[in-house]
Amino acid sequence: MRRAARAALAAGLALAAPSCVAGDRSAAQPLPPPAATVAVTLHDYRFELSGELPMGRVIVEVANRGTMNHALTLIEVPDDVASLDEQLRGGERRGVGTIARVPARPPGDATRFAVDLRPGRYGLICLVADADGLTHGQKGMNLEFRVG
């Protein structure tokens, strides 16, 4: 019985081995370019971007350098929507799609995430609320930017 099992295993490995060998390299597909990396620093009541966010895959490195907890919500903003400041401080608001969210992080904490960005208008908002009931976004911790 053991011999039969070993023979079956050897035959299976022999059949699988050719699929692990590289074939004609001229037919190989090129690898996609590496993702761009952008740093977003969370300060008390403001965001800081290390550069422009490009189209395509982007690694976003988030670091809280403030003195309180902060969060990050990345949203896509339609062109016909008023500025984020107007939306956050006004009485009339329109819904927008959330692309990514980093929950509240304490001072000194860092994390990262990957996102695929198309051309368009985007925003960053901190939705952590202070004791007065206003979010950090309402107090100015929001940032709009364009991709493409």
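The values are calculated or read from the model by the stated rules, or taken from the named source; none is laboratory data. None of these values were measured; they are calculated from a predicted model. We place every Cβ from the backbone using ideal geometry, glycine too, and count neighbours over all the protein chains shown.
Things worth noting here:
- Evaluated against (1) over 17 Å from Thr37 (Cα atoms); (2) part of a loop (DSSP other than H, G, I, E, B), Glu86 falls short on exactly one condition, (2).
- Qualifying positions in segment 81-135 - at pLDDT below 95 and of a type in the set (S, T, N, Q): Ser83, Gln87, Thr98
- Qualifying residue in segment 22-31 (condition: modelled with pLDDT under 55 and either out of contact with any Leu (no Cβ under 9 Å at 6 or more places or on another chain) or assigned to a helix (DSSP H, G or I) (or both)): yes
- Complete set of residues in segment 63-119 that are farther than 18 Å from Met141 by Cβ, of a type in the set (Asp, Glu) and surrounded by 14 or more Cβ atoms within 10 Å (Cβ to Cβ): Glu76
- Test result for Ser19, at pLDDT 50 or above and among the small types (Gly, Ala, Ser): no
- Boolean, Thr73 is under 17 Å from Val147 (Cβ atoms) and either among the hydroxyl-bearing types (Ser, Thr, Tyr) or outside any strand (DSSP E or B) (or both): yes
- Remark: pairs (first residue in segment 92-120, over 18 Å from Arg57 (Cα atoms) and acidic (Asp, Glu); second residue at pLDDT 95 or above and in a strand (DSSP E or B); Cβ separation under 7 Å; 6+ apart in sequence or on different chains) = Asp109/Asn64.
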